[in-house]
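First up is the structure itself, then whatever we jot down about it.
What follows draws every value from the coordinates through simple rules; no lab data is involved. Quick caveat, the model's predicted, so the values are computed rather than measured. Glycine gets a Cβ as well: all are built from the backbone with ideal geometry, and neighbour counts include every protein chain shown.
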Amino acid sequence: MAETEQQAERKRALIVMAHPDDGEFGCGGTVARWTSEGVDFYYCLVTDGQAGDQGDTEITSEQLAAKRRVEAQAAADALGVQHPVIFLGYPDSRLEHTLQLRSDIARVIRQTKPDIVICQDPTRYWSGQEYINHPDHRIAGEATFAAIMPVAGTRLAFPELAAEGLEPHEVKEVYVSGTDAPDRWVDISGSLPQKIAALRAHKSQMRDWDPAENIEKWARRTADDARKHGHTLEMAEAFKYFKRHD
């Protein structure tokens with residue numbers, strides 16, 4: 001299914017990703033499109049990306065974390081995200097699906113009250129013969145799913161959240177990014193420049209590589225896949241989609 005709903009039905013969205021730049025690669029065009037259409041967006045990062053040194057043998061993890069926080073905010077700004085990035089501060093490459101992580105994500109959901117959550121695929125271990133998925137991606141996705149159901153919307157699941165004054169909140173829709181089994185495509189033809197600008201903001205990761213050519217190729221390839229399902233798109237991002245029914 002291609003993206004066809006009226007954006008007026010969406011008032012607020014939250015993206016939850018393991019590392020800075022995960023969201024920009026997977027769904028930056030969608031975030032930029034929705035913010036331009038008036039969706040109130042929040043951005044939550046589970047780790048600061050302090051292990052992604054990209055060959056810099058001099059930088060410390062503390063220095064890199066500080067740098068990546070600045071880059072993550074600049075990238076969110078490029079996508080039109082209206083609120084400061086929320087950093088949960090978990091260690092990069094050591095993420096585990098703990099009850100604390102689940103509670104922390106559920107807390108953000110109750111605080112921001114999104115209609116839609118975008119997260120990573122908890123089932124993706126690899127893609128093809130060339131890509132092994134980072135375990136942090138899977139764990140962040142799994143914890144986000146568990147935070148959505150049952151913690152964010154169930155009063156007695158984590159009563160300490162209610163004790164903080166955070167009332168239960170039901171997420172209406174979930175878009176899973178970075179999936180090999182998509183069933184929803186979003187047209188990003190008009191928001192590709194913002195996606196590329198956001199990726200360029202991650203200077204510690206991009207270094208001498210300009211993502212523009214590859215990002216456009218990937219967007220066109222995704223649109224080709226969408227056409228196999230009957231959707232005429234030029235450039236797209238793909239998701240596994242869930243909608244809660246009352």
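General observations
- For the stretch 53-79 versus the stretch 31-47, the gap between their alpha-carbon centres in whole angstrom: 20 Å
- Averaging 1/r across all pairs of distinct Cα atoms in the stretch 90-169 and inverting the result yields a Kirkwood radius of 13.3 Å.
- The three principal axes of the C-alpha atoms in the stretch 31-174 carry coordinate ranges of 47, 33, 33 Å, sorted with the longest axis first.
- Residue order, fewest to most surrounding Cβ atoms within 10 angstrom, among Tyr125, Tyr175, Tyr241, Tyr90: Tyr125, Tyr241, Tyr90, Tyr175
- Cut-off under 5 Å, modelled amide H: who pairs with Tyr42 long-range: Ala13, Leu14, Ile15
- Cβ crowding within 10 Å, taken as a proxy for footprinting-reagent exposure, orders Arg221, Arg107 from fewest neighbours to most as Arg221, Arg107.
- Residue exposure sequence - Thr232, Thr154 - by fewest surrounding Cβ within 10 Å: Thr232, Thr154
- Share of alpha-carbon pairs per 10 Å distance bin for the chain, given as whole %: 8, 32, 39, 18, 3, 0
- For Gly153, the residues whose modelled amide H falls within less than 5 Å of its own, excluding neighbours fewer than 5 places apart on the same chain, are His169.
- Lysine pair number, Cα distance threshold 15 Å (strictly under), the stretch 7-243, separation 8 or more or different chains: 8
- Sequence-separation-based contact order of the stretch 7-243, relative, with Cα cut under 8 Å and 6+ spacing, percent: 25 percent
- Tensor-based shape of the stretch 30-84 (alpha-carbon gyration tensor, a/c under 1.5 rounded, otherwise prolate or oblate): prolate
- Sequence-ordered 3J(HN,Hα) estimates for the stretch 143-151 from the Karplus curve with 6.51, -1.76 and 1.60 and θ = phi - 60° stand at 5, 5, 4, 5, 5, 5, 9, x, 5 Hz, glycine and proline given as x.
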